[in-house]
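What follows is a short report on a single structure.
The values are calculated or read from the model by the stated rules, or taken from the named source; none is laboratory data. Owing to the predicted nature of the structure, the values given are computational and were not obtained by experimental measurement. Counting neighbours? That spans all protein chains shown, and the Cβs are built from the backbone with ideal geometry, glycine included.
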Amino acid sequence: MGKLDTLDPQIAAVIDAGYLVPLPKRDAEGRRVVLSCMGRFDPHLYDSCVMARVHSMIVELLLDEPRSQLLGYTHVNDEAGMQMPHVSLWSLSDVRVMLNCIQVHSTTTTHEPRSQLLGYTHVKDEAGMQMPHVSLWSLSDKTHFVNIPHYGVRFFEFAVSLLSDKLKDRVMFHRTSEDLTKHVDPEILPKEYGGTVPLKDMIEELKSKLLTYRSDLLALDDMSVDLYALEKNDLTQDIHSTSGSFRKLELD
């Protein structure tokens, strides 16, 4: 899929447009709030691969935050400006694969002590393209959708229908930004949504952070995964051994 390079012209343009922005302030539960604005992604200039790379980059950036690993995320999706070309970026088969991955990952999130210790692997579909929302969605405690155009309703109804009841309970739909602020503190959101800090300032902060982590993100391409590592990992064996010991304990 290519390197996650914040200086890549296409990635830089999408980031600069404000398509996907982790907001500086956390919610009342301490969760990082991630805002995506579909109308800020130009489907005539960029394809699904660029979208996936941007999502993957933000996911990697957020997974480096221990607090976020423990507390999860709140995802706010503003679909204002969504066009039919946006919908056609991903085939129904892609959507099915992605949602299936989300449901599998939702059972093995960072909230699990073992996962906190051993880490994660990223999911790729049969074609090798990394699914953009998987890691972030699987760690989301609440996902909000707002300003869905009438021609996009069926698409989201189809997507949500494929989710488990557990994940369906995490999804909320709002007609307007005003409705959204009844569930998400407007102080967390950009000024354009009722907050105080302009979105452009949040974008600049994100760009600065991505530059700071650029070498780490590029280094991901040099990593490989040993599928048998868990079988050979001493820490894993210690955990299994410890778990077995606890099961043998008897209380007086």
Counting only residues in segment 182-196 that are crowded, with 17+ Cβ neighbours inside 10 Å and in contact with a helix residue (DSSP H, G or I) (Cβ under 7 Å, 6 or more places away or on another chain), the one nearest to Val160 (Cα to Cα) is identified as Tyr193
The one condition Thr143 fails out of (1) at pLDDT 75 or above; (2) loosely packed, with under 10 Cβ neighbours inside 10 Å; (3) in contact with a Ser or Thr (Cβ under 8 Å, 6 or more places away or on another chain) is (2)
Scanning segment 16-30 residue by residue, those within 15 Å of the chain's Cα centre (by Cα) and either among the aliphatic types (A, V, I, L, M) or over 15 Å from Met51 (Cβ atoms) (or both) turn out to be Leu20, Val21, Pro22, Leu23
Residue pairs within 8 Å by beta carbon, gap of at least six or interchain, first lying in segment 30-43 and more than 18 Å from Pro186 (Cβ to Cβ), second hydroxyl-bearing (Ser, Thr, Tyr) and buried (at least 23 other Cβ atoms within 10 Å of the Cβ), listed first then second, are Met38/Tyr19; Arg40/Tyr19; Phe41/Tyr19
Filtering helices (runs of 4 or more DSSP H) wholly in segment 1-101 for at least 3 residues that are surrounded by 18 or more Cβ atoms within 10 Å (Cβ to Cβ) and modelled with pLDDT under 95 gives 48-62, 66-71
